[in-house]
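The values are calculated or read from the model by the stated rules, or taken from the named source; none is laboratory data. Keep in mind the model is a prediction, meaning the values are calculated, not measured. No Cβ is skipped: glycine too gets one built from the backbone with ideal geometry, and neighbour counts run over all protein chains shown.
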Amino acid sequence: MKNLYRSIPSVDVCLAALEAADPGLTHSLPRGLLRDMVTAFWDDLREDIRNERRRDTAALGLDAQLPAMLKKIRRALRSGLHPVLNAAGVVVHTNLGRSVLADSARWALDVAASGYCSLEMDGETGGRGSRHDVAEDLIRRLSGAEAGVVVNNNAAAVLLALDTFCKGGEVIVSRGELVEIGGSFRIPEILEKSGVRLREVGATNRTHLRDYQAAITENTRALLRVHTSNYRIVGFQSAVPLPQLAELARKRGLPLFEDLGSGCLVDLSPYGLPPEPTVASIIAAGADLVMFSGDKALGGPQAGIIAGRKALINEMKANPLMRALRCDKLCLAALEATLRVYLLNDAMKHIPTLRMIAVSPKELARKARSLAARIRKATQGHCGVTLRRGESRVGGGAFPECELPTTLVCVEPARISANVLKMRLLACEPPLVGRLEENAFCLDPRTIFSRDHSLIARLMAEALVTSGE
């Protein structure tokens, strides 16, 4: 063990070697920071020696460890938000930033970020305007609602609506709609945080109009429907149709709110997905407010969008809580550009989320063959590459029961397990995320851009060939 420790070079020797290998990297860093990184690198190897995971003196020499040292330093300097290749076939991947923005949204971000912008300027007077005006007209046109407003996510939209209209009172919700959304957040907990008492009605699988009628008291402030976008109740079940619930709300002088979750602005059923209510259909059916996400099936940035009656929207804008929940210029710029694509009827062509959902099985098979050929050529026989039928998912809590047909590119390494290959690909620059199925690392072309095929082949070669496997 002592010989192993002695084989570790001094920090100064390492610094000189790093400078010779990558002058640009070393010159851009404070020497003290670089010294700390080198020390941390060798401390990890000393821990391996103590735990008898390192036994070869030659493998601990500087020549052997310099590439790994450089790689670790570069990874440490990498931004917390960095590019990732999504080959998992989940279109709205929560771990990977959800929806990929349209080109026009990215250009709008650049314009808003690169200088001053008209976020709160009145264009006619030059005085103070309102950021709520940025996307409101587009929301109104696309939803058919009288008005609209944007906050930072859909949970915030629900919170703001309940805080504005229901604080200190009761909100009636069907027991079958008390969903838990991503990150273990539950609808009842959001209701309680807004100072509202929850009144559950019906059974888990069946709720009737009479259940709502019997639950309304002088303490009732609103009726709330929550779209169960991330699960389904099948079999012996029923729910009250929205028009009937809207009629009841009007007769009793109560507002009706709809938490649509992953809101759709277009009908996706022609592309193999089950019918889902669009935002416009919810407004047309009588909801006073509808709340939905901007970064899921809509394909924009993270945002909570509220559309509905103008008087209600104006009250929410005046709520002091709005200042804590409002969006910044970057979110509004990207959302406005995304909504404008819908207004121009170009959404299926120019919104990446919708384009990935709608791509045909024939086109996916063609992309899979092209990617497989590149991987075979790059990996030089270090793995088997086959094609297999598989399924993709929309993700983001939308269309949970729907599987989209695809063709998977399945890589079976010759000398390592598929799981080891997965971990090596996660350590690459950029990381490549796929999925493991039947002892193979599988890539789904649905969520892979054609421009990245050569890069994926290179990363696969790096993980298999240059690693000595």
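Candidates in the range 1-50 are the residues that are of a type in the set (Gly, Ala, Ser) and assigned to a helix (DSSP H, G or I); of these, the one that is modelled with the lowest pLDDT is Gly24. Tell me, yes or no, whether the range 277-286 has at least one residue that is β-branched (Val, Ile, Thr) and without any contact (Cβ under 8 Å) to a residue 24 or more places away in the chain. So far as the range 277-286 goes, yes, one or more of its residues are β-branched (Val, Ile, Thr) and without any contact (Cβ under 8 Å) to a residue 24 or more places away in the chain.
There is at least one residue in the range 163-171 that is assigned by TED's automatic domain parsing to the domain that holds Asp259, surrounded by fewer than 16 Cβ atoms within 10 Å (Cβ to Cβ) and over 21 Å from Leu245 (Cα atoms). Screening Leu119 with (1) surrounded by fewer than 22 Cβ atoms within 10 Å (Cβ to Cβ); (2) in contact with a helix residue (DSSP H, G or I) (Cβ under 6 Å, 6 or more places away or on another chain); (3) outside any loop (DSSP other than H, G, I, E, B) gives one miss only, at (3).
If you scan the range 439-468, which residues turn out to be surrounded by fewer than 17 Cβ atoms within 10 Å (Cβ to Cβ), free of Cβ contacts under 8 Å to residues at least 40 places away in the same chain and not in a helix (DSSP H, G or I)? The answer is Asn439, Phe449, Thr466, Gly468.
Pairs meeting the criteria (first residue in the range 312-328 and touching a residue at least 60 places away in the same chain (Cβ under 8 Å) and of a type in the set (Val, Ile, Thr), second residue surrounded by 14 or more Cβ atoms within 10 Å (Cβ to Cβ) and not in a helix (DSSP H, G or I), beta carbons under 6 Å, at least 6 apart or on different chains) are Ile313/Ala147; Ile313/Val149.
In the condition set (1) modelled with pLDDT of 90 or more; (2) hydrophobic (A, V, I, L, M, F, W, C); (3) out of contact with any Gly (no Cβ under 8 Å at 6 or more places or on another chain), Ile305 is compliant with all but (3). Here Ser118, Ser104 are screened, and the one residue that is modelled with pLDDT of 95 or more and either in contact with a Lys or Arg (Cβ under 6 Å, 6 or more places away or on another chain) or closer than 19 Å to Leu339 by Cβ (or both) is Ser104. When Leu408, Leu371, Leu335 are screened for being touching a strand residue (DSSP E or B) at 6+ places or on another chain (Cβ under 8 Å), farther than 23 Å from Leu436 by Cα and crowded, with 23+ Cβ neighbours inside 10 Å, only Leu335 passes. Could you tell me whether the range 105-115 includes any residue that is surrounded by 12 or more Cβ atoms within 10 Å (Cβ to Cβ) and within 28 Å of Ala427 (Cα to Cα)? Scanning the range 105-115 turns up at least one residue that is surrounded by 12 or more Cβ atoms within 10 Å (Cβ to Cβ) and within 28 Å of Ala427 (Cα to Cα). The residues listed here are Ala135, Ala203, Ala157; of these, the one that is surrounded by fewer than 19 Cβ atoms within 10 Å (Cβ to Cβ) and in the same structural domain as Leu298 (by TED's automatic domain parsing) is Ala203. Residues in the range 338-356 that are closer than 16 Å to Glu136 by Cβ and either surrounded by fewer than 23 Cβ atoms within 10 Å (Cβ to Cβ) or more than 23 Å from the chain's Cα centre (by Cα) (or both): 3 in all. Listed by first and then second residue, the pairs with beta-carbon distance under 7 Å, at least 6 apart or on different chains, first residue in the range 356-367 and among the aliphatic types (A, V, I, L, M), second assigned to a helix (DSSP H, G or I), are Met356/Arg446; Met356/Thr447; Ile357/Tyr271; Ala358/Tyr271; Ala358/Met348; Val359/Arg446; Leu364/Pro445; Leu364/Arg446. Given the criteria within 24 Å of Gly299 (Cβ to Cβ) and in contact (Cβ under 8 Å) with a residue 12 or more places away in the chain, does Ser143 qualify? Yes; evaluated as a whole, the condition is true for this residue.
Of all the numbered requirements in (1) under 21 Å from the mean Cα position of the chain (by Cα); (2) assigned to a loop (DSSP other than H, G, I, E, B); (3) under 15 Å from Ala87 (Cβ atoms), Arg393 misses one, and that requirement is (2). Output yes when any residue across the range 293-303 is closer than 30 Å to Arg446 by Cα and part of a helix (DSSP H, G or I), and no when none is. Checked against the condition, which is being closer than 30 Å to Arg446 by Cα and part of a helix (DSSP H, G or I), the range 293-303 yields no hits at all. What residue, of Leu408, Leu332, Leu364, Leu325, is assigned by TED's automatic domain parsing to the domain that holds Ala155 and touching a Lys or Arg at 6+ places or on another chain (Cβ under 7 Å)? Result: Leu332 is the single residue among Leu408, Leu332, Leu364, Leu325 that is assigned by TED's automatic domain parsing to the domain that holds Ala155 and touching a Lys or Arg at 6+ places or on another chain (Cβ under 7 Å).
Among the residues of the range 235-290, those that are under 18 Å from Ala358 (Cβ atoms) and buried (at least 18 other Cβ atoms within 10 Å of the Cβ) comprise Ser262, Gly263, Cys264, Leu265, Val266, Leu268, Leu273, Glu276, Thr278.
Hey, any hits in the range 226-235 for a residue that's at pLDDT 85 or above and under 19 Å from Pro277 (Cβ atoms)? Yes, that holds for at least one residue. Exactly one residue among Thr220, Thr207 is among the polar types (S, T, N, Q), modelled with pLDDT of 85 or more and in contact with an Asp or Glu (Cβ under 6 Å, 6 or more places away or on another chain), and that residue is Thr220.
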